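Presented below is the structure to which this report refers.
The values are calculated or read from the model by the stated rules, or taken from the named source; none is laboratory data. Because the structure is predicted, anything quoted here is derived from the model rather than measured. Neighbour counts run over all protein chains shown; Cβ positions are idealised from the backbone, glycine included.
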């Protein structure tokens, strides 16, 4: 029981560091403290929110190399109705988010559970992503929709 308490505290501290610390290196370290898989040369903008149920292990976050995440982004790994009576009939939503290499997530984006942002894809600012984004595509809007292909130089 004590071990579970310390794991929860470690995750809360990690999320706090990822959200508030001025140094990008420490923000990445905070996510690693939570047990998330964070690649090399990742940039995490200030005020990143990772919504996950601390007591459930099914929540996974993988951020591959060279991903850029703008400020005020929310990654929803799980969601539930909390203390509402809805919990009697509706199970929590639990999932994973994968941000593949060289993806760019704009400011104020919300990404819902069980979404993959493909390699080299871009998600425009203030978008809400509820479905996976293919590689080398630009998506934006609420919900995010295909805008155009990324044409290499």
Can you spot a residue in the range 85-95 that is over 14 Å from residue 39 (Cα atoms), more than 14 Å from the chain's Cα centre (by Cα), part of a strand (DSSP E or B) and at pLDDT below 95?
yes
When you scan the range 80-107, how many residues do you find that are in contact (Cβ under 8 Å) with a residue 24 or more places away in the chain and more than 20 Å from residue 126 (Cα to Cα)?
6
Step by step: first the residues of the range 53-78, then only those that are in a strand (DSSP E or B) and within 18 Å of residue 41 (Cα to Cα), then the one that is farthest from the chain's Cα centre (by Cα). Which residue is that?
68
Looking at (1) at pLDDT below 95; (2) in contact with a helix residue (DSSP H, G or I) (Cβ under 6 Å, 6 or more places away or on another chain); (3) assigned to a helix (DSSP H, G or I), which is the only condition residue 4 fails?
(2)
For the range 21-44, which residues satisfy the criterion of being in contact (Cβ under 8 Å) with a residue 12 or more places away in the chain, surrounded by 15 or more Cβ atoms within 10 Å (Cβ to Cβ) and in a loop (DSSP other than H, G, I, E, B)?
34, 36, 39, 42
Count, please, the residues in the range 103-112 that happen to be crowded, with 19+ Cβ neighbours inside 10 Å and part of a loop (DSSP other than H, G, I, E, B).
4
Conditions first: (1) exposed (fewer than 15 other Cβ atoms within 10 Å of the Cβ); (2) in contact with a helix residue (DSSP H, G or I) (Cβ under 7 Å, 6 or more places away or on another chain); (3) in a loop (DSSP other than H, G, I, E, B). Residue 47 passes all but one, so which condition is the exception?
(1)
So which of 81, 18 is in contact with a helix residue (DSSP H, G or I) (Cβ under 6 Å, 6 or more places away or on another chain), part of a helix (DSSP H, G or I) and closer than 30 Å to residue 145 by Cα?
18
May I ask you to list the residues in the range 59-91 that are more than 28 Å from residue 25 (Cβ to Cβ) and loosely packed, with under 15 Cβ neighbours inside 10 Å?
81, 82, 83, 84, 85, 86, 87, 88, 89, 90, 91
